[in-house]
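See below for the structure under consideration.
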Amino acid sequence: MTVGNTRRQPVAAWTWSRIRQLHPSERIVRLRERFARDYAERGARIYTQDEPMAALAEAIRAAYRATFGEPTVVRRARVLTEFADRAVIGPHADDYLLGLQTCNCPWPFMSAEERAELGYDCTTGHIVHDYRALLECGTRGLREQIAAAREEADTEAATNLEAFDEAMRALATYIRRHARAARESARQLEGAEAQRWSQTADDCEELIEGMPNSFRQALQMVWFAHTFLHAENPSVAISFGRIDQYLWPYLQQDIEAGRIDMQTAFDLVCAFFLKCCEGEESQNALLGGVGEHKNDAANPLSLLMLAAMKEIDTFQPSISVRVHPLTSDEFVQAACELAACGYGQPGFMNDGVVTAALGTVGIPPQDVWNWGVVGCYEATVQGACYPNTVLGHLHLVKTLAEYMATATAQSAPGFEEFMDGWWEHLGGVYEQELALAQERWDRMAEHAPSPFGSVLMRGCIERARPLEQGGADYNLVGFDILGLGTLTDSLLAIRELVYGSRELTLRELTETMSAGYPDEALRLRLRKLPHRYGTDSAASNELCRQLSEKIALMVLDSRMSHNVRPYPGFYWFSGDIYNVDMPSPDGRRAG
């Protein structure tokens, strides 16, 4: 039996052995070539375009000038209204999905001085919103929830909810403009191309207020929301979360009804991945993992996305996979085949370890299983948590170097006393960093409340509060901790050469380190000490275990205002070795 031109095919036929044989259609190849050409001509790491960026800058400018003196959440909602009216639409003949994200980071058209004068700011991104709620409720359903909340709202809450509603009206306007552009394209064409653009217009018109009824519509709705989130906060690492979970029901119903074939679905995913290369560098899409009842949640869309990335080779989205004891052999095979291509995709996440870790920061069992990944590799409960994964920082190597120069360190008679002083010094530094993280949070709460992002975050409508002001169910602050391995090696060197063999004093080590190691023999002696981090030595393993556990507990035991929970991550976003402009006690020179 067929529906349209598509032969009905059971879901069971969508196996890896079949999916892995798919290749992009000629139309996808053309889109890929066009993007590669435009990206090369732009000559920048982030693919943006001047006209869309200028339109967003003008929307910010116009909105903030028109709303001077009004609450910030109102001004931010007005930006979205202005953006919806001004955004560059510009569909291309080969496009599958509409909406440009090349407006992200419009700062070439709006200086920092002008933004400060207007009072405009934005968040750090690094978040996973509730795309599922938008798909299941549509713009109308979410506006109805906002209206219901307004019936019992006080003045401040009513202001927030009105801003939420304006953001949803703006999204509807944004979608309506794309529907009109698609309809106009259909009028200018004939035959199959006119029919294709007419169908695109129909799809967009249904999404203005309704809910998606097909995989194509659901994918388009996710992309519209995603571009809108970036217009609200021109930033990075706004991620998709468990995209194979909330999109699979739409693909499944299309398959079972015979409305879509494997090649069409594959091309739609390829087109989506190409769109993700616009304006962003760290949008994570998580595949597989466990379901609510601890079952294996991977599905044919999970496999289709791994196959699409294998064939299309785009740098976005950043794909991660959740692996657990019940993960199927074919899902593991699909992930490993992609990894073997050498693209740096996918990232492998240990499902049980991450789930347990999130439990330690207070995420309850009913939600902890449903985690996504932000940006590079930061886990968070999707659609219900404001994670702020890169808001706090702790530079272990810098802190150790500072401590080594103190009188307390210089006078320590043994390594144990040296470490006692180090922990006290580190605790003081952490308290300062915690205060800075609080300042950053407070600044976003005051200057960058996100009305649209708050609608797509569980709890914000019910609490009538933006997510930056504690509206989400869970509120966290990630502390990026840099240099655990170097810290381990440095302390091993101090323990062995200063307090063990007594080859030099701590003062001598501090001075030669600060001078950039003019004594090459000493530097090499430090570099070649045995038991260094990463050699699987019991000495370094145990020291690293003690350090990481005590540092992690220091962070986990602290609190910010409104009971916001800090949590540790042993990495530093953008803080790789080339950014460390100071030497360390393990014989490493600056840089």
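How much FRET efficiency would the formula 1/(1 + (r/R0)^6) give for residue 192 and residue 107, where r is the Cβ-Cβ distance and R0 is 41 Å, rounded to 0.05? Working shown, then result.
Numbers: r = 42 Å, r/R0 = 1.02.
Using R0 = 41 Å, I get an efficiency of 0.45.
Can you sort 180, 8, 140 by solvent-accessible area, 1.4 Å probe, largest first?
Correct descending sequence by accessible area is 180, 140, 8.
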Cα pair distances in region 39-79, grouped into 10 Å bins until the bin that holds the longest one, percent each
28, 34, 23, 14, 1
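Mean residue ellipticity at 222 nm from the helices of the chain, using -39,500 (n - 2.57) per DSSP H segment of n ≥ 4 over the full residue count, to the nearest 500 deg cm²/dmol? Provide the component values of the computation, followed by the final result.
Numbers: 24 runs with 315 residues, N = 591.
Calculated mean residue ellipticity at 222 nm is -17000 deg cm²/dmol.
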Provide the solvent-accessible area of residue 549, counting protein heavy atoms only and rolling a 1.4 Å probe, rounded to the nearest 10 Å².
100 Å²
Would you tell me the accessible area of residue 395, worked out with a 1.4 angstrom probe on the heavy atoms of the protein chains, in Å² to the nearest 10?
40 Å²
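Counting pairwise Cα distances across region 365-484, what percent come out greater than 17 angstrom? If you can, show how the numbers build up before the last one.
Values: 4641 of 7140 pairs.
The calculated P(r) of region 365-484 puts 65 percent of pairs beyond 17 Å.
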Taking every DSSP beta bridge with both residues inside the chain, roughly what % is antiparallel (nearest 5)?
25 percent
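Note down the magnitude of the dipole of the chain about its Cα centre, charges +1 on Lys and Arg C-beta and -1 on Asp and Glu C-beta and zero elsewhere, to the nearest 20 debye. Write down the numbers at each step before the final one.
Working: 56 positive and 81 negative charges, 202 e Å.
With Lys and Arg at +1 and Asp and Glu at -1, about 960 debye.
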Where in region 341-370 does the label zone of residue 462 land, with the point 7 angstrom along Cα→C-beta and an amide N cut-off under 13 Å?
367
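Provide 200, 173 ordered by accessible surface of protein heavy atoms (probe 1.4 Å), highest first.
The ordering from most to least exposed comes out as 173, 200.
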Out of all Cα-Cα pairs in region 173-284, roughly what percent, to the nearest whole number, are more than 24 Å apart?
29 percent
Between residue 11 and residue 559, the FRET efficiency computed from the C-beta separation at R0 = 35 Å comes out, to the nearest 0.05, as 0.15
All-pairs Cα distance distribution in region 8-61, expressed in whole percent, bin size 10 Å:
18, 25, 25, 18, 14, 1
Taking the Cα centre of region 130-235 as origin and charging only Cβ (+1 Lys, Arg; -1 Asp, Glu), how large is the dipole, in debye to the nearest 20?
540 debye
A correct Kirkwood calculation over the Cα atoms of region 514-591 returns a hydrodynamic radius in Å of 15.3 Å
Note down the accessible area of residue 494, probe 1.4 Å, to the nearest 10 Å².
0 Å²
Quick one, what does Rg over Rh come out to for region 384-443 if you take C-alpha atoms and the Kirkwood Rh?
1.14
Could you state, as a whole-number percent, how many of the C-alpha pairs of region 6-120 are farther apart than 23 Å?
51 percent
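Please report, in debye to the nearest 20, how large the charge dipole of region 333-476 is about its Cα centre when each Lys and Arg carries +1 at its beta carbon and each Asp and Glu carries -1 there. Please list the in-between numbers first.
Details: 6 positive and 17 negative charges, 104 e Å.
The calculated dipole for region 333-476 is roughly 500 debye.
Can you work out the FRET efficiency for the pair residue 436 and residue 353, with r the C-beta to C-beta distance and R0 = 25 Å, to the nearest 0.05? Mind showing how you got there, number by number?
Numbers: r = 30 Å, r/R0 = 1.18.
Result of the calculation: an efficiency of 0.25.
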Residues of region 5-44 with the amide nitrogen closer than 18 Å to a label point 7 Å from the Cα of residue 333, along Cα-to-Cβ, please.
12-23
For region 23-62, whose charge dipole is built from +1 on Lys and Arg Cβ atoms and -1 on Asp and Glu Cβ atoms, the candidate among 25, 39, 54 with its Cα farthest towards the positive end is 25
Per q in 0.15, 0.18, 0.19, 0.22 1/Å, what log10 I(q)/I(0) does a Debye calculation on the alpha-carbon atoms of region 435-504 return?
-0.61, -0.73, -0.78, -0.91
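Quickly rank 470-476, 540-546 as a protection proxy: mean count of other C-beta atoms within 10 Å, highest first. Present the calculation step by step, with values, prior to reporting the outcome.
On the way: 470-476: 21.7, 540-546: 15.7.
With the highest mean Cβ count within 10 Å placed first, the list reads 470-476, 540-546.
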Filtering the chain for DSSP H helices with an axial alpha carbon extent of at least 27 Å and a Kyte-Doolittle mean of at least -1.0 returns 155-187, 415-447
How far is it, in nm, from the label point at residue 443 to the one at residue 420 when both lie 7 Å from their Cα along the line to the Cβ?
3.9 nm
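Would you please calculate the Kirkwood hydrodynamic radius of the chain over all C-alpha pairs and express it in Å, rounded to one decimal? Intermediate values should be presented prior to the final figure.
Working: mean 1/r = 0.0385 Å⁻¹.
Averaging 1/r across every pair of different Cα atoms and inverting gives 26.0 Å.
What ranking of 562, 230, 447 comes out by heavy-atom accessible area, probe 1.4 Å, highest first? List each step's numbers first, then the result.
Working: 562 165, 230 0, 447 50 Å².
I get 562, 447, 230, largest accessible area first.
The values are calculated or read from the model by the stated rules, or taken from the named source; none is laboratory data. Just so it is clear, the structure is predicted and the values come from calculations on it, not from any experiment. So basically every Cβ, Gly included, is an ideal-geometry build from the backbone, and we count neighbours across all protein chains shown. Please note that ligands, DNA and RNA were not included when accessible areas were found on the heavy atoms of the full protein model with its side chains. Shrake-Rupley method; radii C 1.70, N 1.55, O 1.52, S 1.80 Å.
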